[in-house]
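Here's the structure, in structure tokens; my notes come after.
Read-outs: derived from the displayed coordinates by stated rules, not from any lab. All of these numbers come straight from a predicted model, not from anything done at the bench. Please note: Cβ atoms are built from the backbone with ideal geometry, for glycine as well, and neighbour counts cover all protein chains shown.
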Amino acid sequence: MEVRRTVSVTLDVDSDDATLLEDTVDTFLWSAQYVVDHAFEGEYVTTSKTTLDDETYDDVREATDGFNGGLVQAARNKAAEACKSVVAKWKQGKKASKPYFTSPHVVYDHRTATFHDDYVSLATTGGRIEADYVLPDEDSDTPHAEYLFSDEYETTGAELHYTNGNWMLHIHCKMDVQSDTLEQATTENGTVLGVDLGVNNLAVASTGTFWTGDEFDHWRREYEQRRGDLQEHGTRWAHENVQSVGRKEDGRFKMTLHRISNELVAEARDHECPVIAFEDLADIRERTGASWGHKWAFNRLYDYVEYKAAEYGIDVEQVAPENTSRRCSHCGFTHPDNRESESFECLKCGYQNHADYNAAKNIGLRYLRRNQTGGDGGAPLGVRLNSGTLNVNGEYEPPALTEARAGVHAESHPFTGG
């Protein structure tokens, strides 16, 4: 059985190499989009990597002046997986449209990247470049020391991202272990942090921490009003200012989401949670009645949490969303009338709490039941609460018992018990 981890490393890139990487990103995204467009041309969407390779490889290489063959195949793989995801959603009766690649990134493997102790060699549109790692102090306890530089883990590939003015390499590592060893290690390594996303509260953690949507909604209305006022003028000056308002709005929202994502990752680290679980974002707009702006915020927040958590070896996962807002996290009874607006009261056992907090606990429990149980009759992992945990059966364990079983630090919060 495999244990996989992702370690995020900042690269020291000079201006000339940065230009090459920018061109490589543009070419990679163009290549992936070309394959997707081709896959959607026929009566049926083509998802076979072999077929797409046969039908697009030479065309892409010619159109990109001989783009690195390994990167062309990586772009094809990216496109094929995106097409498969769309077809899978169609089969489930869900809405999905043709994918478009806009996030600046490149996928590397051992053919296109060579990983050294303190630097990496990357294929680009202008040949190979070398970029030094920007690493924390050697003595610090970091994912770099635990996974990247460990003899027990093998480096399998990486994704290069351009984020906030920095080139970040998300390096994938894996280790093969015996299943009983994995179960024991998993049981001893802490808890899962469940996170619910919504309109009134952008995010709520199973620890009882809330991030409200008030600021987001205020500025969304403010910028909509500004755009409306400018559009009434209909002049070229007004049009240019509408675009300026849009850029300011995008910047403000990204700043807010960066702050929330930082605090979410900090919440997981403070409570020693190796996993952060969200609900599946595919149909969240339909489920929550969110606006397009909120859906954009949910997806962007998830992306921010995912790459920031990777730096600390924390996995970020999605689970099926069905009934997480209707199910009682205390006894498991599920009914539409359990929830009324932001209030939750179980019709069976009488458990009461904030509906979003109850949903966050259910999201954590769903991940727990799907992925994790203890080995040799030991205690399973728990969902991290404000104080103590919920075990896989939804039973509350106080801090003392939690610490005795998993060595997990419990911290006081405004909510108690769960």
| Anchor Lys348: lysines whose Cα lies under 24 Å away (excluding residues fewer than 8 positions away in-chain) | Lys361
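Can you give the FRET efficiency for Arg111 and Glu317, using 1/(1 + (r/R0)^6), R0 = 35 Å, r = Cβ-Cβ distance, to the nearest 0.05?
With R0 = 35 Å, the Cβ-Cβ based efficiency is 0.75.
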| Expressed in nm to one decimal, what extension gain is obtained for the pair Glu345 and Ser150 from 0.36 nm per residue of sequence separation less their Cα-Cα distance? | 65.3 nm
| field | Hz values of 3J(HN,Hα) by residue in the range 45-61 - Karplus curve (6.51, -1.76, 1.60), Gly and Pro given as x | value | 6, 7, 10, 6, 5, 5, 5, 5, 5, 4, 8, 10, 4, 5, 5, 5, 4
| said: Give me, ordered by chain and number, the residues 5 or more places off Thr334 or on other chains with an amide H under 5 Å from its own placed amide H. | reply: Cys328
| task | Round to the nearest 0.05 the FRET efficiency obtained for Asp12 and Ala282 when R0 = 25 Å and r is the Cβ-Cβ distance. | result | 0.10
